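Below: the structure, in structure tokens.
The values are calculated or read from the model by the stated rules, or taken from the named source; none is laboratory data. The structure presented is a predicted model; accordingly, all values stated were derived computationally and were not measured. Heads up, the Cβs are rebuilt from the backbone with ideal geometry, glycines too, and the neighbour counts pull from every protein chain shown. Accessible surface is based on the protein model in full, side chains and every heavy atom, while ligands, DNA and RNA are left aside. Shrake-Rupley method; radii C 1.70, N 1.55, O 1.52, S 1.80 Å.
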Amino acid sequence: VPPASAFNNPKGNSPSIDFAQASPSIVARTNAVVATRGYRSTNGGQTWTAFGSAPQAATTNGAGRIAISSDGATMLWMPYRSGAYYSTDNGATWLQSSGAPNDGSNSFTPVADRSNPSKFYIYNQAVGKVYRSVDGGVSFALAAQGLPTWGGVMRAVAGSAYEGNLWIPTSSGLYRSTDSGISFAQVAGVQKAVAVGFGMAAAGQTHPAVYVIGTVAGVDGFYRSDNVGATWVRINDASHQFSGAGIVIGDPRVYGRAYVGTNGRGILYGEPTA
């Protein structure tokens, strides 16, 4: 856990943060206040170094969101109302990606593949399309279309066996891809999903446990699946709805422990009682 002194140094809200899956001490974050609009850490957030530069869009439009490749060598940045920019020199310089969505009105969240450092993904929720890069963010091409619109943040599954496994929560259900975003299939039983995340696999399972904030079998709640979405177990009750929860993630080391980000109540966590 980073020391308390690092929490407000650098100062300012952080719209986005990501870590390198294969080198988790490398972390990148955007910043809504400072001129450089972004920072990088190589010690898990204990100290931060400001990017040497920033795309003009990050200064004029807002910091936006960032992703970092699994090996920590490449960062992909999408300032608000802007296209994508990549850096391979720790943020000293940024080059604009070709082919990335840029409709001037939406705020995109770039996603790094958790295994292949050359792959990045972008879900354009306004039109239901997914774009993919296989060259480290240099260029993007349309991978899938016809997906539901107005979904949540797309997530990639960690683990070398799950390269290209993506999940998208949407207002019309939960969708999964196993081919790096080329095709998606709807996960049965989930009518609506606000957020999706992953945690340590259950005993006897290899795929990480899947956590969802959404509606399953007509009931709103927080859910966990130990079998890749085949069945779901509700992990909250009517007395613990935490209005405004929009982020969920499982603990990678403790099976069943889940963290929920709320709108105004901080970060909560829970785990099975038995």
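Values computed for the structure shown
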| read-out | value |
| --- | --- |
| Subset of segment 253-263 [surrounded by 19 or more Cβ atoms within 10 Å (Cβ to Cβ) and either touching a Ser or Thr at 6+ places or on another chain (Cβ under 9 Å) or part of a loop (DSSP other than H, G, I, E, B) (or both)] | Y255, G256 |
| Candidate set: segment 20-47, residues that are hydroxyl-bearing (S, T, Y) and assigned to a loop (DSSP other than H, G, I, E, B); chosen: the one farthest from L76 (Cα to Cα) | T47 |
| Qualifying residue in segment 151-165 (condition: polar (S, T, N, Q), within 16 Å of the chain's Cα centre (by Cα), in a strand (DSSP E or B) and under 27 Å from D251 (Cβ atoms)) | no |
| Among the residues listed as A92, A35, A50, A54, the single one being of a type in the set (A, V, I, L, M, F, W, C) and closer than 30 Å to K129 by Cα | A54 |
| Single residue of G44, G83 found to be under 28 Å from G159 (Cβ atoms) and touching a strand residue (DSSP E or B) at 6+ places or on another chain (Cβ under 9 Å) | G44 |
| Output for segment 126-143, where each listed residue is within 16 Å of G164 (Cβ to Cβ) and β-branched (V, I, T) | V130, V134 |
| Meets criteria (touching a residue at least 24 places away in the same chain (Cβ under 8 Å) and open to solvent by less than 10 Å² (accessible area, probe 1.4 Å)) for A193 | yes |
| Scan of segment 62-78 for residues that are of a type in the set (A, V, I, L, M) and buried (at least 20 other Cβ atoms within 10 Å of the Cβ), ordered by number | A63, I66, A67, I68, M75, L76, M78 |
| Qualifying residues in segment 242-274 (those that are touching a strand residue (DSSP E or B) at 6+ places or on another chain (Cβ under 9 Å) and of a type in the set (V, I, T)) - the one nearest to V157 (Cα to Cα) | I249 |
| Verdict on R81 being in contact with a Gly (Cβ under 7 Å, 6 or more places away or on another chain), assigned to a loop (DSSP other than H, G, I, E, B) and open to solvent by 10 Å² or more (accessible area, probe 1.4 Å) | yes |
| Extreme residue, least open to solvent (accessible area, probe 1.4 Å), among residues of segment 170-190 that are of a type in the set (S, T, N, Q) and closer than 14 Å to G152 by Cβ | T170 |
| Segments classed as strands (runs of 3 or more DSSP E), wholly inside segment 101-140, with at least 1 members that are aromatic (F, W, Y) and open to solvent by less than 40 Å² (accessible area, probe 1.4 Å) | 120-124, 129-133 |
| Answer residue from segment 144-156, given it is touching a strand residue (DSSP E or B) at 6+ places or on another chain (Cβ under 6 Å) and closer than 24 Å to S118 by Cα and is modelled with the lowest pLDDT among those | G152 |
| Some residue of segment 54-61 being at pLDDT 95 or above, surrounded by 23 or more Cβ atoms within 10 Å (Cβ to Cβ) and not in a loop (DSSP other than H, G, I, E, B) | no |
| Single residue of segment 87-100 satisfying the filter (under 19 Å from L142 (Cβ atoms) and in contact with a Pro (Cβ under 9 Å, 6 or more places away or on another chain)) that is surrounded by the fewest Cβ atoms within 10 Å (Cβ to Cβ) | Q96 |
